[in-house]
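*Asks:* Can you keep this structure in mind? I'll have questions shortly.
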């Protein structure tokens, strides 16, 4: 537990691992527009998450733990010596890498992002120089030209920083791992090994510089000052600060030491990662071997899940007094205590930080917040406030989880299916209700005549005519037919005389004028489809009404929803 007075203000550090910006290397062959949508949504997720943590946590320091890009090692450089791993990446050159670098900067280096959107924020330090295997490659796969480009834009991978009165040692372990292969060229790992050989001298130099800076900063606040009304006083006079008593410093300064590595340290296969691991929670409490819960000790093309045992021991011995190790690469959280390496006492506690991207195989991405509080005196010695000498109590961590974006998309899909189902049910119910209401209001007498009725009536007239003729031949006076009473002109006066009506006449003539002419079974007169069953016509009409209602309802629901969703995506 971190021991500090209530008035203390710890130094807050945020560790971000494996943002791994999605690019063509992430999902090769994914078609458009799915590929573009994946890039857009992952970038939006990273941008909003980063801005939110800056706004609410407002950390003093942000440290990236490698794998800034996904395919950074695959993009060609302007200098000779680069070899593409596959033919499909030969078309991606330096310009593409620079666009990716600019994209990374807009997400993590933009002033509005760093400030969290606030007008005033404290001064921050951001280090993104630690490379990962997706940035450079791994071991023998590291290409010097790719590494030089990364260093030119992000800084050296091997460095020492004094942060919150703690010594942070960053190591380019993806390049250093080449020394495990006897066939690897020395240029891949000799620079990092030379840095390790001089790490003690470098650390002491950095500590003395930091202590001098703190003393100078503290003395500036103690300058002798007084108010005066004499305008002739020399305002540019140099005031000498009071001399400190006993300001001699010890020969060797020592602060709690933290190692940063993209690849985790070696551990025995099956070493459990603890209850905060997402993929496979512990099979049972307090197990010494839990393979599903552990980081698999294995490797493959351009990656290795953990460092080798020898390299891990070499780093621990040369750095010395290591209390904590923070690593990435695995994308999931893992916390172990290494007791097999030289350390500051009680073992080296290593935390593998979760990936911050939702596209890296974890449903709940995250980052790690560390609070540092290690007050020292003017000689660089820790103050006796219950702080343990090994530094274990000077640092406290907290896992911060981010929203489950994939879960949100799944809920969106479920809502979409339910919405479509509700719209279909509503359309069917509404159409059925309208047809029932229309049937209830329809007149008792028919408003139109089917062709079957017309034929029946025509045949009746023919039989009546025959009967009349027969009656006349028998000398019986037949009654005058209805047609004779109503006809006022001769049939021959119509265009075409007694011939069959033309198609134009058929379309525009009345039902009475078509009496006696039936044409072909498939003729269409004024909407009549002779030969089609009435039940089929009613079914098609009902289905068309349902589809029309569905289209209208979907537009009614979709348009405002899409406008609202677009506004949400475009803000923040």
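The values are calculated or read from the model by the stated rules, or taken from the named source; none is laboratory data. If you're wondering where the values come from, they're calculated on a predicted model, not measured in any experiment. Cβ: placed from backbone, ideal geometry, glycine included. Neighbour counts: every protein chain shown.
*Asks:* Look at residue 370 and say whether it is in a strand (DSSP E or B), under 37 Å from the mean Cα position of the chain (by Cα) and farther than 30 Å from residue 555 by Cβ.
*Replies:* Against the criterion (in a strand (DSSP E or B), under 37 Å from the mean Cα position of the chain (by Cα) and farther than 30 Å from residue 555 by Cβ), residue 370 qualifies.
*Asks:* Pull out all pairs, ordered by first then second residue, where Cβ-Cβ is under 6 Å, the residues are six or more apart or on different chains, the first lies in segment 88-99 and is closer than 16 Å to residue 136 by Cβ, and the second is in a helix (DSSP H, G or I).
*Replies:* 89/74
*Asks:* I want to confirm something. Restricting to segment 119-140 and keeping residues that are part of a helix (DSSP H, G or I) and either surrounded by 19 or more Cβ atoms within 10 Å (Cβ to Cβ) or modelled with pLDDT of 95 or more (or both), which single residue is farthest from the chain's Cα centre (by Cα)?
*Replies:* Among residues in segment 119-140 that are part of a helix (DSSP H, G or I) and either surrounded by 19 or more Cβ atoms within 10 Å (Cβ to Cβ) or modelled with pLDDT of 95 or more (or both), the one farthest from the chain's Cα centre (by Cα) is 139.
*Asks:* Let me ask something else. Looking at residue 84, is it without any contact (Cβ under 8 Å) to a residue 12 or more places away in the chain and closer than 30 Å to residue 190 by Cα?
*Replies:* So residue 84 fits the description; yes.
*Asks:* If I filter segment 104-113 down to residues being loosely packed, with under 15 Cβ neighbours inside 10 Å and part of a helix (DSSP H, G or I), which single residue comes out as farthest from the chain's Cα centre (by Cα)?
*Replies:* Out of the qualifying residues, it is 111.
*Asks:* Hey, can you tell me all the residues within segment 27-74 that are part of a loop (DSSP other than H, G, I, E, B), more than 27 Å from residue 13 (Cα to Cα) and touching a residue at least 24 places away in the same chain (Cβ under 8 Å)?
*Replies:* 28, 71
*Asks:* Which one of these is under 24 Å from residue 262 (Cα atoms) and touching a strand residue (DSSP E or B) at 6+ places or on another chain (Cβ under 6 Å): 130, 68?
*Replies:* Result of the check over 130, 68: 130.
*Asks:* Among the numbered conditions (1) surrounded by fewer than 18 Cβ atoms within 10 Å (Cβ to Cβ); (2) in contact with a helix residue (DSSP H, G or I) (Cβ under 7 Å, 6 or more places away or on another chain); (3) modelled with pLDDT of 95 or more, tell me where residue 367 comes up short.
*Replies:* Result: residue 367 passes all but (1).
*Asks:* Being surrounded by 14 or more Cβ atoms within 10 Å (Cβ to Cβ), over 30 Å from residue 43 (Cα atoms) and out of contact with any strand residue (DSSP E or B) (no Cβ under 7 Å at 6 or more places or on another chain) is the requirement here; does residue 314 meet it?
*Replies:* Yes.
*Asks:* Keeping to segment 297-347, report how many residues are under 25 Å from residue 142 (Cβ atoms) and not in a loop (DSSP other than H, G, I, E, B).
*Replies:* Total meeting the criteria: 20.
*Asks:* Do the conditions hold for residue 187, that is, is it closer than 27 Å to residue 266 by Cα, part of a loop (DSSP other than H, G, I, E, B), in contact with a helix residue (DSSP H, G or I) (Cβ under 8 Å, 6 or more places away or on another chain) and modelled with pLDDT under 95?
*Replies:* So residue 187 fails the test.
*Asks:* For segment 32-46, name all the residues that are surrounded by 17 or more Cβ atoms within 10 Å (Cβ to Cβ) and closer than 17 Å to residue 568 by Cβ.
*Replies:* Residues satisfying the conditions are 42, 43, 45, 46.
*Asks:* Among the residues of segment 382-402, is any surrounded by fewer than 14 Cβ atoms within 10 Å (Cβ to Cβ), modelled with pLDDT of 75 or more and outside any helix (DSSP H, G or I)?
*Replies:* yes
*Asks:* Let me ask something additional. Within segment 299-308, track down each residue that is out of contact with any helix residue (DSSP H, G or I) (no Cβ under 7 Å at 6 or more places or on another chain) and at pLDDT below 95.
*Replies:* 299, 300, 301
*Asks:* Using the structure shown, decide if residue 293 is surrounded by 14 or more Cβ atoms within 10 Å (Cβ to Cβ), farther than 21 Å from residue 259 by Cα, touching a strand residue (DSSP E or B) at 6+ places or on another chain (Cβ under 8 Å) and modelled with pLDDT of 95 or more.
*Replies:* yes
*Asks:* Can you tell me which residue among 116, 157 is in a loop (DSSP other than H, G, I, E, B), on the phi > 0 side of the Ramachandran plot and crowded, with 16+ Cβ neighbours inside 10 Å?
*Replies:* When all the criteria are applied, what remains is 116.
*Asks:* If you don't mind, there's one more thing I want to ask. Somewhere in segment 248-261, is a residue at pLDDT 90 or above, under 14 Å from residue 334 (Cβ atoms), surrounded by 12 or more Cβ atoms within 10 Å (Cβ to Cβ) and within 46 Å of the chain's Cα centre (by Cα)?
*Replies:* There is at least one residue in segment 248-261 that is at pLDDT 90 or above, under 14 Å from residue 334 (Cβ atoms), surrounded by 12 or more Cβ atoms within 10 Å (Cβ to Cβ) and within 46 Å of the chain's Cα centre (by Cα).
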